[in-house]
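Just so it is clear, none of the values below were taken in a lab; they were calculated from the coordinates. Remember, it's a predicted structure, so these values are computed and weren't measured experimentally. All Cβ positions, glycine included, derive from the backbone under ideal geometry; neighbour counts span all protein chains shown.
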Amino acid sequence: MTDTQYGIRKATPVLPVRDLLVIPHKTGELVVSHPAFGSNTYANNLAEMQRVYTHSAEHPRITFREPTTSESISACAYDFKTLAKPEILNPRWLQIGRIVRTSEGVYANPPKDAQGNPIVDEKELKQLLKRKKKVNGIYLLDNNLAFIPYESFTTGVQDTDTFARSGLARGLEYVAEAETFNLKLISSKENYPRGVNVWGFDSVDKPVLRVAGLFSGRNVESDRLLVCGYDWIDDGDGGCAFGVLKK
């Protein structure tokens, strides 16, 4: 006699499954996780991106990396009314990427040191600007690093056009043109009839590392896009973040 149990044995997935969203970005395409990671702190969302997932026979083992602010904005803008707005911005908020607020402006996508930590030292960051020229009031450097002087944008409530032409919008979206495309689409009157409210991008005496975010206003801020620059990396309200597929 044998103890073997005959019959069908169901497969058990070894790796968690992740869908992928393919979107246009700049002059090419970008593949991001769907749904976005979260809701959680930015640090925890980044940790989840580094886990191994499976998608298909074509992509049996996949991992994700941290997006740039420009990549996050492209992912957010794609089919915005159907995807990001109801899934992320209305109930929670989108963590678009790291920024460093300093005494003179905001650095989006700060470079990392040899240990992989974002550089926060203002003197070191300012050294990177010496051989660069302003483009429509902001600095666009290598690897999506942008420096956005405070005089290039205003905080508070503003209309879509004012925001889309501001240094903040152009630096976060990393565009040299005088006006953004994706942030203008996201903040359009069709999506947010009452415009935009920019806050949490104040000058500081000592540089601080934060996460910039987008979310739909609630209560008195309803029908308005909120653009914030105050959230902590490893604390604060839980948000969502798109992971970019590692090739």
(request) Return the lysines within reach of Lys10: Cα separation strictly under 29 angstrom, same-chain partners fewer than 8 residues apart disregarded; answer none if there are no such residues. (result) none
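Treating only the Cβ atoms of Lys and Arg (+1) and Asp and Glu (-1) as charged, compute the dipole magnitude of the chain about its Cα centre; round to the nearest 20 debye.
Numbers: 31 positive and 30 negative charges, 94 e Å.
Here the size comes out at about 460 debye.
What do the square roots of 5 times the Cα gyration tensor eigenvalues come to for the chain, in whole Å, largest first, as semi-axes of the equivalent ellipsoid? Mind dumping the intermediate values first?
On the way: eigenvalues 256, 92, 54 Å².
Result for the chain: semi-axes of 36, 21, 16 Å.
Taking a 32 Å limit on the Cα-Cα distance, which of the listed pairs Lys85/Lys206; Lys26/Lys189; Lys130/Lys206; Lys132/Lys206; Lys81/Lys126; Lys26/Lys206 fall beyond it? Could you put the intermediate results ahead of the total?
Numbers: Lys85/Lys206 34 Å; Lys26/Lys189 24 Å; Lys130/Lys206 21 Å; Lys132/Lys206 24 Å; Lys81/Lys126 39 Å; Lys26/Lys206 34 Å.
Pairs exceeding 32 Å: Lys85/Lys206; Lys81/Lys126; Lys26/Lys206.
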(request) Rank Ala43, Ala108, Ala75 by mean-square fluctuation in a GNM of the chain with C-alpha springs under 10 angstrom and give only the top-ranked residue. (result) Ala43
(message) If the reach is capped at under 17 angstrom between alpha carbons, list the aspartates and glutamates near Lys134, excluding any in the same chain fewer than eight residues apart.
(response) Glu104, Asp142, Glu151, Glu173, Glu177, Glu179
(message) Once you keep just the Cα pairs under 8 angstrom separated by 6 or more residues, what percentage relative contact order results for the range 71-207?
(response) 26 percent
(request) Work from the charge dipole of the range 130-247 (Cβ charges, +1 for Lys and Arg, -1 for Asp and Glu, about the Cα centre) and give the residue of Ala176, Ile233, Val208 farthest towards its positive end. (result) Ala176
(request) Could you tell me the distance between the Cα centroids of the range 95-142 and the range 213-247, to the nearest Å? (result) 21 Å
(message) Can you show me the helix-derived [θ] at 222 nm for the chain, built from DSSP H runs with n ≥ 4 at -39,500 (n - 2.57) apiece and divided by the number of residues, rounded to the nearest 500.
(response) -4000 deg cm²/dmol
(message) Can you tell me which of Ala176, Ala36, Ala57 moves the most in a GNM of the chain? Springs connect C-alpha atoms under 10 Å apart.
(response) Ala57
(message) Please report the spacing between the Cα centers of the range 1-63 and the range 154-212 in Å, no decimals.
(response) 33 Å
(request) Return the ratio Rg/(2.2 N^0.38 Å) for the range 97-199, where Rg is computed over Cα atoms only. (result) 1.11
